[in-house]
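The values are calculated or read from the model by the stated rules, or taken from the named source; none is laboratory data. Remember, predicted model here, so these are calculated numbers, not experimental data. Neighbour counts are summed over all protein chains in view; Cβ atoms, including those assigned to glycine, are modelled from backbone coordinates with ideal geometry. Surface accessibility is based on the protein's heavy atoms, side chains included, excluding ligands, DNA and RNA. Shrake-Rupley method; radii C 1.70, N 1.55, O 1.52, S 1.80 Å.
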Amino acid sequence: MAETLLPSSLRYARYTPTHEDSYVHSMRQLISKDLSEPYSIYVYRYFLYQWGDLCFMAFDNDPLDPDPDSARMVGVVVCKLEPHRGGPLRGYIAMLAVKEEYRGKGIATKLVRMAIDAMADRGADEIALETEITNTAAIKLYERLGFLRSKRLHRYYLNGNSAYRLLLYLKEGVGSIRSFDPYGPPTDQNPVSPPATSLLRENGE
Ligand SMILES: CC(C)(COP(=O)(O)OP(=O)(O)OC[C@H]1O[C@@H](n2cnc3c(N)ncnc32)[C@H](O)[C@@H]1OP(=O)(O)O)[C@@H](O)C(=O)NCCC(=O)NCCS
């Protein structure tokens, strides 16, 4: 397992299928607690079977825990990487969550940085994601890492909430930063997409 040991008990690891059952169990617990859309096990498998090398986990290693890898997972990021509409190679951050009592310690920032680096190493031109427009913590985190708001997606989630699509351009000349007014009416530059979504759908525009 590729991992980074920190002075504290926190450590970071890239996903490997060797502990698939316990890892997926822990991820589902972490993610289903906070995200508005419940994902079936097939959604996790869809990402992990094809892009397990783009998934990173944080653990608080408790030496007394009989199964520390699964029982102490405190953060996870799940991604994919595909050509976008036959154009740029687009990374996509599908899920990100940190256990409540571990927030504010930079864990999500570290996980997202690891994921960005892994996607860049695989030649990604850009990285996209969606986040609820009310999710201040996530929006601040991503904007600090250089992501830009590209669209507002009206009633994007099953709970009826709207989302921002955020984009990080990794290469010169890839993508174009269109003028965007998050509070303005829908326009050709700032269109509104149809309601609801599934992570299994192409994250297109
Ligand atoms: C969003 C989330 C992953 C952030 O995890 P985290 O480990 O606490 O994030 P970090 O410690 O790396 O914080 C990075 C930056 O995010 C921002 N941030 C984090 N928590 C915040 C909060 N509650 N309010 C406002 N900004 C916040 C800050 O800018 C912070 O930088 P700072 O330390 O200089 O203030 C976490 O709150 C979470 O799991 N939320 C529920 C799931 C979720 O919303 N996932 C994102 C879906 S897109």
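What part of the accessible area of region 3-169, given as a whole %, is carbon or sulfur when the probe is 1.4 angstrom?
Its accessible area is 50 percent carbon and sulfur atoms.
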Mean accessible surface per residue for region 3-169, computed with a 1.4 Å probe while every protein chain stays in place, in Å²
46
Computed label-point distance, nm, for sites Lys171 and Ser40 using a 7 Å Cα→Cβ extension:
3.6
Total charge of the residues flanking Gly52 in space, meaning their Cβ is under 11 Å from its Cβ, with Lys and Arg +1 and Asp and Glu -1, is +1
Around Ile133: net Lys/Arg minus Asp/Glu count, Cβ-Cβ under 12 Å
+3
Which order do Arg11, Arg103 take by accessible area at a 1.4 Å probe, largest first?
Arg103, Arg11
In what sequence, largest accessible area first, do Arg90, Arg152 appear using a 1.4 Å probe?
Arg152, Arg90
Going down the table (Lys33/Lys105; Lys110/Lys151; Lys80/Lys110; Lys80/Lys105; Lys151/Lys171; Lys105/Lys151), which pairs top 22 Å between alpha carbons?
Lys110/Lys151; Lys80/Lys105; Lys105/Lys151
Set the Förster distance to 22 Å, then compute FRET efficiency between His154 and Ser32 from the Cβ-Cβ distance, nearest 0.05.
0.35
